[in-house]
Structure formats: structure tokens, C-alpha cells
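The values are calculated or read from the model by the stated rules, or taken from the named source; none is laboratory data. Since the structure is predicted, the reported quantities are computational estimates derived from the model, not experimental observations. Every residue, glycine as well, gets a Cβ built from its backbone with ideal geometry; the counts of neighbours run over all protein chains shown.
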Amino acid sequence: MLRYRCLISLFAIVVLLRHGMSRLSVPKGRPGAHIWLHGASNGELNSVRPVLERLVEERPETQWLVTANTETGRKMVAGWGLRRVHARLAPLDLGWLTRRVLRDWTVTAHLTLESEVWPHRILSCGGPVLILGARMTPGTARGWARLGNLAKRVFGGVTFASAQDSGSAKRLKGLGLPAEAEGPVVDLKAFYSAPEVAPLVGVERGRTWLAASTHPGEEAVVLAAHKMARILEPELRLILAPRHPRRASEIRAMIEAEGFTVGQRSGGDTPATGEVYLADTMGEMALWYAVCGRVFVGGTLTDRGGHTPYEPAAYEASLIHGPDVRNFATAYARLDKAGAAHKITDAASLAQALEKLGDTTTQARAGRRAKALLRPQVGPEALCAMVLDALPDP
């Protein structure tokens, strides 16, 4: 435990230097008992929303503290307007701070999502601890193993865990998860339900493609492919949505260096502006999925492990991805095997994939197939029932 305390203290210093004191307190909500649900940010919390909505419906008198590591995640949850749900920035996992939050909010149970496993929260919570969509990569498992007895105490204290994939389930068990705590394999991101978005004027879905959540190194490939693809499809328009909008000026310079006209979301331009549209804002990815018939999923041409295929598939977009898909290996394997996604390795193969999907009928067929293949085997209703069984009585 001493090693972890040193590590989390160093991490806290870094966070405080970057973001100030915002994560050293959790302003109190209403008096009474609360169940604490935590997710890293927008993606994780959005994926659990169908489960949370059912839990709120099933337990109308229960109050919920929902925390996120980011302000955008907190604002998103607050914007849902769910009754008795209080959205806050997550506190750092410092022992004294965690104990204060548990006491001030009278926390009776703790639910956490995917890889957000924080020792002080689990060991200090006096009620059931649940991990939903638990993700445990080989590297993360090795890191936990180095903590020795602490890992056994943390995972041994979990009441219920639904792993994201079979590999994660096996590694959780190896770290000390009790057999009676093992739930079914559930990828929360499969619960994603595409929200309705207003159509954008001047954007033709079949002639617009999206590079979603790109990372450094991927934009150059995307722009080169766009240039090649426009030789055969001159009206083709690209919406480029980087993972980190703070890189906008760097990416805009790359776009202009390639000779493209450019529109920019943060500058007030409309998506119909320019041959490349730089979508450099947060929280609008659903809008871009909705207006693009072809989507390249970022993080798959780097060492990032790839971003979710579930969200673009929910909008029936035809999918293109690179070789590094380890974060969603099972989902991408299913898509590739059924021919519902195109795997590429460089600009030339990306341009070829765009050409193969140039026909709107082909795009629609591939998108429908992807959506059907990624429907969850365990739905939010079933997972909600399992969670209710594990929670304390109201």
C-alpha cells in the first residue's frame, strides 16, 4: 500500500499543476445515502447511460453521485437531466479525500467502469463494489501484479465484475477476483444508442467521409489518402476530427500545406466549407458520424489500440480501420470476418477503401451489417438486473 500511496501522491501533484484544485473536493449534494458511479469521461459514461437510466427507473428513491475525470464528462452527465443524479468531477484517489467523499455523500455502494479501478475507493467503501465492462490489458495486469498483496486485496474486495472480453476476465481472476463475483462478458460500448442529431445543410452523406479521433501521425496518412481519392471522386469532402482539439493549429497547417481549402468548426465555418473540414471541438462526434457515410476510426494506425467501432456503427456508417485494434479486438475481428469493415495499412490502402465504398448503396449495406454484428449479446436490461441484485436494499 505504501508504494501505491507514493504513486498516487506523485500523480496528484501532476494533476494539480495542470488543472488546479478542482479534484481535491466534491461539493456535497442533497442529504441521504448515495450510490457512487464513476467513469473516466464521455465515452465510458455515455456507454453506461442505458444501464443508469434503467437503474434510476427501477430505484426511483435512490440518489446517485456520478463522477468523471473530465469537466466535459461531468457536463455531459449533468445535461442528461436524470432525477436524483448529481454529476461531479471525480476526486483524486487520495486516502483522506476518498474517505471524506464516502462520508459526506453517505456512499452505500460503488460502481466503476472499465479500467477505472482505484484502490482507496474500493478498500474504503463500506458497501458492494462493482466493476462494469472491466478492461484489463496484459500490461495493466502486470502493473497490478507488481503491487503484490494490494492487488489481491483490491480485486478480492469486488462484489461483481463484468469483464469487457474473455482475456480481461481471465486476468481479473488471476489478480484475485473471487469466483462468485464473476459476471458475464459485457462490452458497455455495445450499448451505445445513436442520439438524434439535426441534419447539416450542404453536407451530402455519401460524398463525405470522417477521420474520427485521429492521433499524431494519422493526419498525414488521412490527407494523402484524401488527395488520392479525390482524383476519382472530385466532390469528396473530408471531416477531420482529431482526438485532441488542442492540436488544431498544427493540423490546419498540415491541411493547408497539402493544398486543400479548409473550414474550421471553432472558427464558425460550416461543414460545407472547404475540401477539408477541421472539427476541432469536443462532444460533437455524434454529429460527424451522422453526416458521414464512410468513417476511418482513429488510433488504429498508431500504437493507441484503436477507438470504438460501436459509435459509427450505430449510425450505420461503413467502417475503415488500421491494424492496431487491440482495445476492441473482438469487435473488429467480428467485423473483419464478416466483411463489414475494411482494414488498411497506409494512405494508398485507405484511398482504395474509400473508392470501394464510394457507392452509397455499398456504404449503406456495409453500415447496416456492422450495426447488426455489434449488437450486444447481453443487453442493458439484463446487466441492470444483475447490478440490482448486487446493490444494497434502498
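Summary of computed values
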read-out	value
Test: residue in region 221-229 that is under 24 Å from residue 308 (Cβ atoms), touching a helix residue (DSSP H, G or I) at 6+ places or on another chain (Cβ under 6 Å), surrounded by 14 or more Cβ atoms within 10 Å (Cβ to Cβ) and assigned by TED's automatic domain parsing to the domain that holds residue 136	no
Pairs where the first residue, in region 354-368, is surrounded by 15 or more Cβ atoms within 10 Å (Cβ to Cβ) and the second is of a type in the set (Phe, Trp, Tyr), C-beta under 7 Å, 6+ apart	354/209
Residue check, residue 281 under 25 Å from residue 327 (Cα atoms) and either surrounded by fewer than 24 Cβ atoms within 10 Å (Cβ to Cβ) or out of contact with any strand residue (DSSP E or B) (no Cβ under 7 Å at 6 or more places or on another chain) (or both)	yes
Condition check for residue 140: farther than 25 Å from residue 53 by Cβ and of a type in the set (Val, Ile, Thr)	yes
Residue ID - surrounded by the most Cβ atoms within 10 Å (Cβ to Cβ), chosen from residues in region 25-45 that are hydrophobic (A, V, I, L, M, F, W, C) and outside any strand (DSSP E or B)	45
Region 174-190: number of residues that are within 24 Å of the chain's Cα centre (by Cα), assigned to a helix (DSSP H, G or I) and either aliphatic (A, V, I, L, M) or farther than 23 Å from residue 47 by Cα (or both)	2
Pairs, first closer than 30 Å to residue 337 by Cα in region 370-394, second surrounded by fewer than 18 Cβ atoms within 10 Å (Cβ to Cβ) and of a type in the set (Gly, Ala, Ser), C-beta under 7 Å, six or more apart	373/338
Of all residues in region 136-150 being polar (S, T, N, Q) and either in contact with a strand residue (DSSP E or B) (Cβ under 8 Å, 6 or more places away or on another chain) or free of Cβ contacts under 8 Å to residues at least 40 places away in the same chain (or both), the one that is farthest from residue 118 (Cα to Cα)	149
Matching residues, region 13-24, being of a type in the set (Gly, Ala, Ser) and in a helix (DSSP H, G or I)	22
Residue ID - nearest to residue 226 (Cα to Cα), chosen from residues in region 268-285 that are of a type in the set (Gly, Ala, Ser) and either outside the structural domain of residue 251 (by TED's automatic domain parsing) or modelled with pLDDT of 90 or more (or both)	274
Filtered residues of region 370-382 (kept if under 14 Å from residue 311 (Cα atoms) and either acidic (Asp, Glu) or surrounded by 14 or more Cβ atoms within 10 Å (Cβ to Cβ) (or both))	370, 371, 373, 374, 376
The one condition in (1) in the same structural domain as residue 299 (by TED's automatic domain parsing); (2) at pLDDT below 95; (3) surrounded by fewer than 16 Cβ atoms within 10 Å (Cβ to Cβ) that residue 328 fails to fulfil	(3)
Number of the condition not met by residue 153 [criteria: (1) under 25 Å from the mean Cα position of the chain (by Cα); (2) more than 22 Å from residue 288 (Cα to Cα); (3) among the basic types (Lys, Arg)]	(1)
Pairs with Cβ under 6 Å, 6+ apart, first in region 95-119 and closer than 19 Å to residue 159 by Cβ, second charged (D, E, K, R) and assigned to a loop (DSSP other than H, G, I, E, B)	114/135; 115/135; 118/93
Members of region 235-263 that are charged (D, E, K, R) and closer than 15 Å to residue 215 by Cα	243, 246, 247, 250, 252
